[in-house]
Amino acid sequence: MADRIIFYDQIARNKRNSVFLIIAIIIVFILLGYIIGMVLGPDYFTIIMIASIIISVFYVWIGYYNSDKIALASVSAKLADPTKHRMLYDTVESMALASGNPMPKVYIMPGNQINAFATGRNPQHAVVCVTEGALLKLDKKELEGVIAHEMGHVGNYDIRFMTLVAVLVGMVAILSELFLRSLWYSGGGGDNEDAGKVKIVLILAGVILAILAPLVTSLVQLAISRKREYSADATAVKFIRSPTGLISALKKIKNENEPVKKGQVSQAVAPLFIGDPFKRKVQSLFSTHPDINKRISILERM
């Protein structure tokens, strides 16, 4: 029989792993910056570094402060009716109390698929959105498990955390792009033959790293997203003190074979959902969500 998992340990482990993965992105950024500095010189490197940071922060910051509006508009979600959707409101309210966070705004998006997501830059500006299918197909305990998972994202400040990751990934991508473009305008070799050879090697290393760095950091970003799903699962158990409802909901999500309609959910919003809305069967490094069978297995050991 597998060892029992303590939800506190699971939350701490996945948060710790997320931090390690962020450090990996920073290391890639520093390494790429070092190579660029060696190739182009410290003055040119400083200009590129500052430009990449400003562009990335500005672009992501706009999205951060409008994350709820962007996500809700992209899935055509509407504000839930407190009278018509009384069970949903009561569930969100009870999970807000359990988490110690303010009551978030509650939205419903069209679609028969069982799914839900949370967004908003902090608990004071949080939004929880569920599909019509979730309201139709989930019982009270299952809906409670799903809402607890989403409130786990809110309580763990996952939107803020993933915004930081997006800034770092954006910085790497922009730095790489600026470096590759700058090579078209940079000068020739060094003062002598040996210096020229060294510079050629550095340029080749820089080009390879500049091409691979955005891919590597994007894969790390997806890995962090998967870790945060495990943390939200464990946090849901912390709020409810039982994994039963969430396990049952995840099994129903797993057994659904109908993906969302084409164009209903964008690739950018997909990682927010409790389950992969596109129902991709093959798990890979490019997956936005961890294997649902593994999630269920972990929850069953709590």
Name the residue, out of Met109, Met95, Met87, Met103, that is crowded, with 16+ Cβ neighbours inside 10 Å and touching a helix residue (DSSP H, G or I) at 6+ places or on another chain (Cβ under 7 Å).
Met95
If the Cβ limit is 6 Å and pairs must be 6+ apart or interchain, which residue in the stretch 22-33 that is farther than 19 Å from Thr163 by Cβ and assigned to a helix (DSSP H, G or I) pairs with which residue that is modelled with pLDDT of 80 or more and not charged (D, E, K, R)?
Leu32/Ala213
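Does the stretch 213-220 contain at least one residue that is within 22 Å of Cys129 (Cβ to Cβ) and modelled with pLDDT of 85 or more?
No.
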Number of the condition not met by Ile208 [criteria: (1) without any contact (Cβ under 8 Å) to a residue 40 or more places away in the chain; (2) in contact with a Lys or Arg (Cβ under 9 Å, 6 or more places away or on another chain); (3) not in a loop (DSSP other than H, G, I, E, B)]
(2)
Given the conditions (1) at pLDDT 80 or above; (2) of a type outside the set (Lys, Arg); (3) in contact with a helix residue (DSSP H, G or I) (Cβ under 8 Å, 6 or more places away or on another chain), every one holds for Val19 apart from (3)
Check every one of the strands (runs of 3 or more DSSP E) wholly within the stretch 95-157 and list those with 3 or more residues that are more than 18 Å from Lys279 (Cβ to Cβ) and at pLDDT 95 or above.
105-109
For Ile253, state whether it is of a type in the set (Val, Ile, Thr) and farther than 18 Å from Val130 by Cα.
no
Selected residue [at pLDDT 85 or above, within 24 Å of Ala77 (Cα to Cα) and under 17 Å from the mean Cα position of the chain (by Cα)] from Leu246, Leu250, Leu272:
Leu272
Tell me the residue from Ile70, Ile36 that is closer than 29 Å to Lys261 by Cβ, at pLDDT below 85 and either of a type in the set (Lys, Arg) or in contact with a helix residue (DSSP H, G or I) (Cβ under 9 Å, 6 or more places away or on another chain) (or both), please.
Ile70
Residue satisfying all of: in the stretch 167-195; farther than 18 Å from Tyr44 by Cβ and among the small types (Gly, Ala, Ser); modelled with the lowest pLDDT among these:
Gly170
So is Ala96 aliphatic (A, V, I, L, M) and farther than 22 Å from Ala166 by Cα or not?
yes
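The values are calculated or read from the model by the stated rules, or taken from the named source; none is laboratory data. Here the structure is a predicted model, which is why all the values come from computation and not from measurement. Methodologically, a virtual Cβ is constructed for each residue, glycine included, from the backbone with ideal geometry; neighbour enumeration extends over all protein chains shown.
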